[in-house]
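Heads up: the structure comes next, in structure tokens.
No lab work stands behind these numbers, since they all come straight from the coordinates. In this text, all values refer to a predicted model and were calculated from it rather than measured experimentally. With ideal geometry, Cβ positions are generated from the backbone for all residues, glycine too; neighbour counts draw on all protein chains shown.
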Amino acid sequence: MRLQILGTAAGEAWPAIFCGCDTCKRAQAAGGKDLRSRSSLQINDKYKIDLPPDTYHHIVTQGLNLSRLSHLFITHSHSDHFDLALINMMNPPFAHNLEHAPVKILGNNTVIEKINAAFNESDLSFNATAIEPFVPVAAGELAFTPILAAHMTHEDCLNYVISSEEATVLYASDTGAYPERTINYLCKLKFDLLVIECTSGTLNIPPTVHMNFETVLDLVNRLKSAGAVSSRTRVVITHFSHNMGLLHKELEAIAKPHNIEVAYDGIVLDI
Ligand SMILES: [Zn+2]
Ligand SMILES: [Zn+2]
Ligand SMILES: [Zn+2]
């Protein structure tokens, strides 16, 4: 499985769009891995999680070809993960020669209702289907199992377990500390890779909406003691907010001693 984390920022991006804080100034001066766009994960050629407003930026900087997309999984309706207006760009005359039309868009009820309310014509290049937590979706050579995150009160934010015959991967963004039902589900699996949001960095913020470094460690340790994570499991953190105040190298210095990798835009993970 080839995974590419296309964007690694929280909703405001790095530098944050209207921000004059010191962290954003330092990030802009440093450039490179400190410039972070809104979050999405590409899996092989045909599968993608989330459609952020930075998708065009991802196409031109990473050489993506989204006409090859067959499945688009959405985590939740926050605008940094789900840009409703962009979905129209799949349809003619904005797009031609989609290899796998109709593209299957899958997400929670809120996301699918928003799509259906916006697009009611008959000749669309996609179809949108609501999916339920813990019910796997077969997608070609892969299976995507939506799991329940703890991120929003008004909708079921979904994270995804992606599995092939060779590998099992968790994409955990956005989420706070998982509910027991989700932990129990994850404890029964054997992971090759965990990609976990660490929005708050080392800030002491309760994990009701997002994770910080301490709650990432708690989750990894819990999965380790259940045997779901071993010494060969890669752990990668992503979805960072400028409010954490740490540039890439500073965060790496904190994460490396725990064998945790810090994602940057465009990082490729071959599993
Ligand atoms: Zn987000
Ligand atoms: Zn800032
Ligand atoms: Zn969110």
Completion exercise
Candidates E261, E180, E155; GNM for the chain (alpha-carbon contacts under 10 Å) flags as most fluctuating E180
Exercise for the section: Pick out, from L35, F18, N88, the residue whose Cα sits farthest towards the positive end of the charge dipole of region 16-107, with +1 on the Cβ of Lys and Arg and -1 on the Cβ of Asp and Glu. Expected result: L35
Completion exercise
Compactness summary of the chain: radius of gyration and Dmax from Cα atoms, Å, are 17.8, 54
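Roughly how big is region 79-152's charge dipole about its Cα centre, with Cβ charges of +1 (Lys, Arg) and -1 (Asp, Glu), in debye to the nearest 20? Don't skip to the end; give the middle numbers.
On the way: 2 positive and 8 negative charges, 18 e Å.
So the dipole magnitude of region 79-152 works out to roughly 80 debye.
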Exercise for the section: Could you pull out every residue, at least 5 positions away or on a different chain, whose amide H is within less than 5 Å of the one on G7? Hs are placed 1.01 Å off N in the peptide plane, and Pro or chain starts have none. Expected result: S40, G266
Exercise for the section: May I have the count of lysine pairs in region 24-125 with C-alpha atoms under 17 Å apart, counting pairs 8 or more residues apart or located on different chains? Expected result: 4
Completion exercise
Rounded to whole angstrom, the alpha-carbon centroid of region 222-244 lies from that of region 86-161 at a distance of 26 Å
Completion exercise
When the chain is treated as a Gaussian network with springs between alpha carbons less than 10 Å apart, the largest mean-square fluctuation among V235, V60, V111 is found at V60
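Taking square-rooted eigenvalues a ≥ b ≥ c of the alpha carbon gyration tensor, is region 1-123 rounded, prolate or oblate, where a/c under 1.5 means rounded and, failing that, a/b exceeding b/c means prolate?
Prolate, because a/c is 1.5 or more and a/b exceeds b/c.
To the nearest 20 debye, what charge dipole does the chain have about its Cα centre, counting +1 at the Cβ of each Lys and Arg and -1 at the Cβ of each Asp and Glu? If you can, show how the numbers build up before the last one.
Working: 20 positive and 29 negative charges, 115 e Å.
Using only the charged Cβ atoms, the result is roughly 560 debye.
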Practice task
Let me know the charge dipole size of region 150-271 about its Cα centre in debye, to the nearest 20, where only the beta-carbon of Lys, Arg (+1) and Asp, Glu (-1) is charged.
Solution key: 420 debye
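When Lys and Arg each count +1 and Asp and Glu each count -1, what net charge do the other residues less than 10 Å away from N109, Cβ to Cβ, add up to? Don't skip to the answer; put the middle values down first.
On the way: positive: K114; negative: E113, E132, E155, D156.
Net local charge, N109 excluded: -3.
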Handout entry: Projected label distance in nm at E214 and A130, using a 7 Å step from Cα toward the beta-carbon
Key = 3.8 nm
Exercise for the section: Starting from the Cα of K188, draw a straight line to each of the aspartates and glutamates and keep only those under 20 Å, dropping any in the same chain fewer than 8 residues away. Expected result: E132, E165, E166, E180, D218
Practice task
Using the 2.2 N^0.38 Å rule of thumb for compact globular proteins, work out how region 1-57 stacks up: its C-alpha Rg over that value, please.
Solution key: 1.25
